[in-house]
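Below you'll find the structure, written out as structure tokens, and then a few comments.
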Amino acid sequence: MRNLMILLALMAPGAALAGPAEDVLVRAAADCAAFENGVFTAAEDAVQAVDLTGDGVPETVVDAGKFQCSSAASLYGGSGGTWLTVVVDGKAQDFLAQAWTVTDFAGAKVLLLYHNGVDCGGIGVDPCVEALVWGDGRFMSVRPGG
């Protein structure tokens, strides 16, 4: 637990680590410890402060793809990707993705998620990208439920 507290203190300056973001890290560390007494670590950029809503105030993004567990190489993801937790106004939303980035497009912040090709009707290795924008209090996409 001491290592987790040090990790939380060092994570992304400006990223809000209270509430849902901290819960993700605590849960990941507990899952790791529960599997053969593993030791949890996270890269410095596992938690980032990024403006996703366009209001100039950064949201917190927790990327489980940046987690490691000493006793389980694939504890936090697989061929479908890893969980990306986005915290907006204190509420967490989870997305499964192999990679992600944020870009500006037509005056909007766009969260791009790189998915397994199956999500786009192809096979796993086919390229597949989903674009999400914040509007009406939620992330919106052309994908149903986006």
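The values are calculated or read from the model by the stated rules, or taken from the named source; none is laboratory data. Quick caveat, the model's predicted, so the values are computed rather than measured. As a convention, Cβ positions derive from the backbone with ideal geometry for all residues, glycine included, and neighbour counts pool all protein chains shown.
Only one of K66, K91 is charged (D, E, K, R), out of contact with any Phe, Trp or Tyr (no Cβ under 8 Å at 6 or more places or on another chain) and in contact (Cβ under 8 Å) with a residue 40 or more places away in the chain. Can you tell me which?
K91
Tell me which residues, restricted to the stretch 53-79, are of a type in the set (G, A, S) and over 14 Å from the mean Cα position of the chain (by Cα).
If the condition is that a residue be of a type in the set (G, A, S) and over 14 Å from the mean Cα position of the chain (by Cα), then G54, G56, S70, S71, A72, A73, S74, G78, S79 are the ones that fit.
Name the pairs whose Cβ atoms lie under 6 Å apart, with the first residue in the stretch 17-41 and of a type in the set (A, V, I, L, M), the second part of a helix (DSSP H, G or I) and modelled with pLDDT under 95, and 6 or more positions between them or separate chains?
L17/L8; A29/L4
For the stretch 62-70, does any single residue satisfy the condition of being over 22 Å from V133 (Cβ atoms), modelled with pLDDT of 95 or more and surrounded by fewer than 16 Cβ atoms within 10 Å (Cβ to Cβ)?
yes
Name the one entry in V87, V125 that is among the β-branched types (V, I, T), under 22 Å from V57 (Cβ atoms) and either in contact with a helix residue (DSSP H, G or I) (Cβ under 7 Å, 6 or more places away or on another chain) or at pLDDT 95 or above (or both).
Going through V87, V125 in turn, the sole match is V87.
Only residues in the stretch 44-63 that are under 16 Å from D104 (Cβ atoms) and in contact (Cβ under 8 Å) with a residue 60 or more places away in the chain count as the first member; pair them with residues that are basic (K, R) and assigned to a strand (DSSP E or B), Cβ under 7 angstrom, at least 6 apart or cross-chain, and list the lot.
Within 7 Å, the pairs are L52/K109; T53/K109; G54/K109.
Of all the residues that make up the stretch 5-53, how many are of a type in the set (G, A, S) and modelled with pLDDT of 95 or more?
Adding up the residues that qualify gives 11.
Tell me yes or no: at least one residue of the stretch 134-144 is of a type in the set (A, V, I, L, M) and touching a His at 6+ places or on another chain (Cβ under 8 Å).
no
Looking only at the stretch 76-92, count every residue that is surrounded by 15 or more Cβ atoms within 10 Å (Cβ to Cβ) and not β-branched (V, I, T) and tell me the total.
Adding up the residues that qualify gives 6.
I'm checking my understanding of the structure. Among residues of the stretch 60-104 that are polar (S, T, N, Q) and part of a strand (DSSP E or B), which one is farthest from P20 (Cα to Cα)?
It comes out as T103.
Do you know which of the residues in the stretch 35-59 that are assigned to a loop (DSSP other than H, G, I, E, B) and of a type in the set (D, E) is nearest to A99 (Cα to Cα)?
It comes out as D51.
In the stretch 113-131, which residues are within 19 Å of L84 (Cα to Cα) and among the charged types (D, E, K, R)?
Answer for the stretch 113-131, where residues must be within 19 Å of L84 (Cα to Cα) and among the charged types (D, E, K, R): D119, E130.
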